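Below: one structure, written as structure tokens.
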4 protein chains.
Amino acid sequence: MKSTIILDPHPRTVDLLFSKAELRRLRSLGKVVSHDGERMPDAEVDRLLPDAIAIVGQTTLLRERLNRAPKLRAIINVEGNFQPNIDYAGCLERGIYVLNAGVAYSYAVAEMAVGFALAMARGIPQADRRFREGKEVYGRISNEESFLLRRKRVGLIGYGSLGRALAPLLRPFGCELYAYDPWLPDGYLVEQGLSPLPLRELLASCTVIYVLAGATTDNRAMLGREELNLIKKDSIFVLLSRASVVDFDALTAHLKTGRFRAAIDVFPEEPFARNHSIRTLDNVLLSAHRAGGLAESYQLMGEMVIDDLALICKGLSPVRLQRANRETAPKMQSKPVTR
Amino acid sequence: MKSTIILDPHPRTVDLLFSKAELRRLRSLGKVVSHDGERMPDAEVDRLLPDAIAIVGQTTLLRERLNRAPKLRAIINVEGNFQPNIDYAGCLERGIYVLNAGVAYSYAVAEMAVGFALAMARGIPQADRRFREGKEVYGRISNEESFLLRRKRVGLIGYGSLGRALAPLLRPFGCELYAYDPWLPDGYLVEQGLSPLPLRELLASCTVIYVLAGATTDNRAMLGREELNLIKKDSIFVLLSRASVVDFDALTAHLKTGRFRAAIDVFPEEPFARNHSIRTLDNVLLSAHRAGGLAESYQLMGEMVIDDLALICKGLSPVRLQRANRETAPKMQSKPVTR
Amino acid sequence: MKSTIILDPHPRTVDLLFSKAELRRLRSLGKVVSHDGERMPDAEVDRLLPDAIAIVGQTTLLRERLNRAPKLRAIINVEGNFQPNIDYAGCLERGIYVLNAGVAYSYAVAEMAVGFALAMARGIPQADRRFREGKEVYGRISNEESFLLRRKRVGLIGYGSLGRALAPLLRPFGCELYAYDPWLPDGYLVEQGLSPLPLRELLASCTVIYVLAGATTDNRAMLGREELNLIKKDSIFVLLSRASVVDFDALTAHLKTGRFRAAIDVFPEEPFARNHSIRTLDNVLLSAHRAGGLAESYQLMGEMVIDDLALICKGLSPVRLQRANRETAPKMQSKPVTR
Amino acid sequence: MKSTIILDPHPRTVDLLFSKAELRRLRSLGKVVSHDGERMPDAEVDRLLPDAIAIVGQTTLLRERLNRAPKLRAIINVEGNFQPNIDYAGCLERGIYVLNAGVAYSYAVAEMAVGFALAMARGIPQADRRFREGKEVYGRISNEESFLLRRKRVGLIGYGSLGRALAPLLRPFGCELYAYDPWLPDGYLVEQGLSPLPLRELLASCTVIYVLAGATTDNRAMLGREELNLIKKDSIFVLLSRASVVDFDALTAHLKTGRFRAAIDVFPEEPFARNHSIRTLDNVLLSAHRAGGLAESYQLMGEMVIDDLALICKGLSPVRLQRANRETAPKMQSKPVTR
């Protein structure tokens, strides 16, 4: 008898992740039972667990539930994080893969990261606004605060799958790439073509600063008033991963002085306060958590999920999704932003 | 006695092109006589010609004047075009290099080209406008018309120095690059990693279309209503070189239907009509001839000018600036846009 | 009290792996106890296990021994394989990392792989031999069997760390890269810029064929007489990983016909039979298991070992070395070649 | 009436340069008259000149002959040099393009350049010789003098079309690229990703040294005993362009000490002295002028010739072949090596 693959992808949907052709490929691996539009009811999950080989979703899977799933080989969170809804230690003991699909967002976020930096280096949205108001300034005079990315220093705060997707896009600009990531050894960064730099030196020396670190137990408000104060005049601060890494009030205060520029995709609360003063600043580019969540990301996510499930079903090891690590999974704090 | 180098850079200025250190380097090559703020008066030009080894600027140099300059080795237009103010045939006969400095703009234009495509693929300025109005839409829902550059077909109309600077920036996005350039053989394009494509096929198949061709006697309004009609739904049309290549009214009409998107840096007249209807379209990004004219471009231009002058003074051939070709220089029609 | 790090690197030595500065870095992580020149005696291992946090070497670590090592966090084989001297399942249950250092060889092997292909595409060693004999042929006539790597099809049999190091070196040659790896999904290969191909199609269509697959329970003599018969005239067969993947007698027979060429770094037994007929063939390049084992590889290996130990000691996850996977580690059969 | 294209390619042949399909393409451009196997007789050349639009070959074209060719637009030497058989000044005055096809060799030479460096860094031919003698040494012990190209300093003496083809092949090895070329400004080299270096510093600091400079009036025996003495122990000296750049006796003397290594493709006379002592040195790789002259190079050369002729016939400027420069063409001294 075929084993069961539970699809419980809420807040994603089955269609978002899988084309019809891909669903057929998934069905060739096992008996697929799916639930859309809300989380799968507990009773149904419990009923399916004894035959389940894999669960795709954010289903709660604490120890007593895992005990009811003797065949379980993989839990795949179709999101970019690890949440405390899973007994990670229990899974590791039993060799159950706990995987997240955040890597599927990385192309989309990396492209947005380049777009944001270019937008703010060249004043693209500002110039467009002026033009719409009939107040455009032509040519060189309009470029007094513009600069090229070419040969500039770019610093990445956090170097995971986003950084690995972003770095190759920046290379042909001739940028010098720097990274701060306390979870990675210097030699690893050097091998990837980046120069390691302490956080404060990175902030003080880079012309473009990318915040790509997921929220962890260690990095809450890591970028406070003092750290942000190190940023050079006219540098570009790009916030793409999680707002909690930054003291948002301090960031707002700094931006109001106009000293540096920012492009911001994530906010402390979403939707963000209607009257927040950051909404009117000319040196800020605002984006409502739009960097990763495109149709193309979700289709890639679906492909990765099926690819890894197919490997696991063949008695091989998954290669596309990111595995939860014993040490770091419990530190992960990124969660769906409060809405 | 040292030969004279005439600097007549209007509408550029000496300071824009040369730092103090670079001016010293220039002075080591000859007696530098400069005139700023307007074109050098004819009488002064005429007085200097007998000893002039090089002229940097858009000085008129027709046959009778060239005859008065027996030592002349180089005429360097500190612009991106060749104008009919020079007796090209006479210069070629005498082995006088006629050079233009357009290549110095290519990094800046290429970066803008990437920024424009990303802006329009991801709705960056539109989302920023919504956010400022307090009407932002969060996450996936806001991305229904967004797409990645990754693996898309990108077509370059015209493949000169701008295209050569742009292609490497697009490569790591995994784009398939196509080009239409009637002045270049297919084998040349293939060697550079592009696939040649007839104009109409390029328009019909590419998701991002860059107009990078300078204005020539051959390409006026080459992209008319019918050609623009070939562009696919949701494609991005990026106009960066000269507006005359396009039938601007036809372009406006197409964009009003919303069928495709555009980013436009050059206009038929500049300043552009205050009440032109294109100024209000949501699917258009507007930029007032800002792509190339940055301080960094002019400093690079100055470096290139001195480098090539130094070679010429050493009895070597220039390598950094673009030479006027007997065949193509007279076809060049790009000129400072009517203001 | 500091935990113990056991160094039992035989057949490597401590000096080969660690410079003095690196040894100091290692000592900062724990109490280092090392044994050089032979395997550490069982009694000493047993004495050290109760305090051991990590073991670097090929020490036998079956279940009863693991039970004596309650603090153990990592077992690092300073070789490129996983051997059956470890209770892998027990380690996975307890969350003990089992790591191998094969990735440290990948730069060296990848460079050799390029060198071998160029040598055989251009007849470099053959022409050198002729020259030494005073029988060299000059210029074009000598190149009748030479070809460029440029734009040729290159096939990788096995795409692990060696392939990942080799692919970027081949890219600027304009090669089309193909791979056959039954442990990897097509989508993964495509994402890395390779086209997946079934083994027989790869053999039949590629001009350079690299064997990079480690020995496994599945691939013994996978390339037999019939498969080798598919190789095109004048193609280059490069054997770099393990000889057991190939039916060596069949390979020798094929090479004697002169139909294709080979570069061979690994042999069924090493030292290889003194009188083997392959030693005299002009279309073969011979190399005595020299591709990976350079001082630079071992120094990199040492750096990687310390980097990952440092992470583990800080409560983080290793990132540089390769982890044993539950599924694939038991399939690994590469072992020190019989000598 | 169609203009005449004279093919006088000796010592090349028509078939070597043009496939049947390419010949058809050539014939579509004009009336093709060819002579194979020896230089076209003077009388025939003289007869054809009045209608000739282009001459492909090394035909002597001094002033009086040029005067008989009023329609002549291009002289294309299907070799990699400019010889004193042409009235260059006369051609420039009349706007006749004088082109050479050396760039067509650049892919082949660049690949050989990488192959030579890898061969000598890893002892590939030496190890192959040992193996054939039954004296091979296995593994690490055999690699005591081996090193990786990875991250090493590589110096290019001369940076023309060969260097431009070679640099991209070396980039993914992580090499630092340096160049010495007195005909090029530093800024040009920097823009191409190389660091300029004075000749003596380059020799003293680089681990791989490529001689890529064509013979000129300026560089005869530029690398003499003293310069070669600067080369570091175990560095690799690769001689690929012309032997006259080096004092060959001094080079031989240095190599006999074993201090550094060499790969040599060009010799002071070819065929080279049968008993020359360099033929027996273990630290030297010998190649009989084989780097460029492959079928693939000649087919590319033919394609480039037709492409540029097609442009010229359409009233456009050539783009694929290298133009003779007024200043540098007379300095070029590379000629078919004395045989």
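Quick notes on this one:
- Long-range HN-HN contacts of C:Val32 with modeled amide H, under 5 Å: C:Ile5
- For the range A:140-155, a decrease in accessible area of 40 Å² or greater in the assembled protein chains relative to the isolated chain, with a 1.4 Å probe, applies to A:Arg140, A:Asn143, A:Leu148, A:Arg150, A:Arg151.
- Cα shape, the protein assembly as shown, gyration tensor, a/c 1.5 rule: oblate
- On the basis of the beta-carbon distance and an R0 of 30 Å, D:Asn229 and D:Glu270 show a calculated FRET efficiency of 0.70.
- Average beta carbon contacts from partner chains per residue of B:103-115, 10 Å cutoff: 4
- Placing unit charges on the Cβ atoms only, positive for Lys and Arg and negative for Asp and Glu, gives the range A:106-286 a dipole magnitude near 600 debye about its Cα centre.
- In a simple Cβ point-charge model (Lys, Arg +1; Asp, Glu -1; nothing else charged), the protein assembly as shown has a dipole of about 0 debye relative to its Cα centre.
- Protein-protein interface of the range A:276-294, residues with accessible area decrease of at least 50 Å², isolated chain reference, 1.4 Å probe: A:Arg279, A:Leu286, A:Ala288, A:Arg290, A:Leu294
- The accessible-area ordering, largest first, of the residues C:Leu92, B:Leu166 stands as C:Leu92, B:Leu166, per a 1.4 angstrom probe.
- Cα shape, the range A:106-286, gyration tensor, a/c 1.5 rule: oblate
- Taking 7 Å steps out from each Cα toward its Cβ at B:Lys256 and A:Arg68 produces label points 6.4 nm apart.
- Exposed loop sites are taken as GluC sites (Glu not before Pro) in a DSSP loop (any state but H, G, I, E or B) with at most 10 other beta carbon atoms within 10 Å; the longest stretch of chain D without one runs D:145-339.
- For the range B:106-286, with all protein chains in place and a probe radius of 1.4 Å, 49% of the accessible heavy-atom surface sits on carbon or sulfur.
- Per residue solvent-accessible surface (Å²) - the range A:41-140, probe of 1.4 Å: 31 Å²
- Of all DSSP beta bridges in the protein assembly as shown, antiparallel share, percent nearest 5: 5 percent
- Whole-angstrom gap from the range A:37-64 to the range B:299-328, using each part's C-alpha centre: 70 Å
- Reach of C:Lys232 by Cα under 21 Å, taken over lysines that are not fewer than 8 positions away in the same chain: C:Lys152, C:Lys256
- Shape call, the range A:3-72: gyration tensor on alpha carbons, a/c limit 1.5: oblate
- For chain B, the longest principal axis of the C-alpha atoms and the axis of helix B:106-122 are separated by about 10°.
- Buried surface between chains B and D: roughly 2400 Å² of accessible area, summed over both sides, computed with a 1.4 Å probe on protein heavy atoms only.
- Largest to smallest in accessible area, the residues D:Asp42, A:Asp8 fall in the order D:Asp42, A:Asp8 (1.4 Å probe, all protein chains included).
- Amide H contacts under 5 Å for C:Val56: C:Ile6, C:Leu7, C:Asp8, C:Ile76, restricted to partners 5 or more places along the chain or on a different chain, H placed in the peptide plane at 1.01 Å from N.
- Other residues with beta-carbon under 9 Å from the beta-carbon of C:Asp51 carry, at +1 per Lys or Arg and -1 per Asp or Glu, a net charge of +3.
- All other residues whose Cβ lies under 12 angstrom from that of B:Glu227 are scored, Lys and Arg at +1 and Asp and Glu at -1, for a net of -1.
- Sequence-distant lysines (8 or more away, or on other chains) whose Cα lies within less than 23 Å of B:Lys71: B:Lys2, B:Lys31, B:Lys314, D:Lys331
- Residue by residue along B:167-174, Cβ atoms of other protein chains within 10 Å of the local Cβ number 5 on average.
- Crossing angle, helix D:295-313 versus chain D [Cα axis fit, 0-90 degrees, rounded to tens]: 40 degrees
- Average beta carbon contacts from partner chains per residue of C:64-70, 10 Å cutoff: 0
- Distance between the modelled labels on D:Ala43 and B:Ala204, one decimal in nanometres: 5.7 nm (7 Å Cα→Cβ projection).
- Its Cα centre serving as origin, the range C:45-198 has a Cβ charge dipole (Lys and Arg +1, Asp and Glu -1) of approximately 300 debye.
- Sequentially through the range C:160-173, phi angles give Karplus couplings (6.51, -1.76, 1.60; θ = phi - 60°) of x, 5, 5, x, 5, 7, 7, 3, x, 6, 8, 3, x, 6 Hz, Gly and Pro residues having no value and appearing as x.
The values are calculated or read from the model by the stated rules, or taken from the named source; none is laboratory data. Note that this is a predicted model, so its numbers are computed, not measured. Here Cβ is always computed from backbone atoms with ideal geometry, including for glycine, and neighbour counts include all displayed protein chains. These area figures cover heavy atoms from the full protein model, side chains too; ligands, DNA and RNA do not enter into them. Shrake-Rupley method; radii C 1.70, N 1.55, O 1.52, S 1.80 Å.
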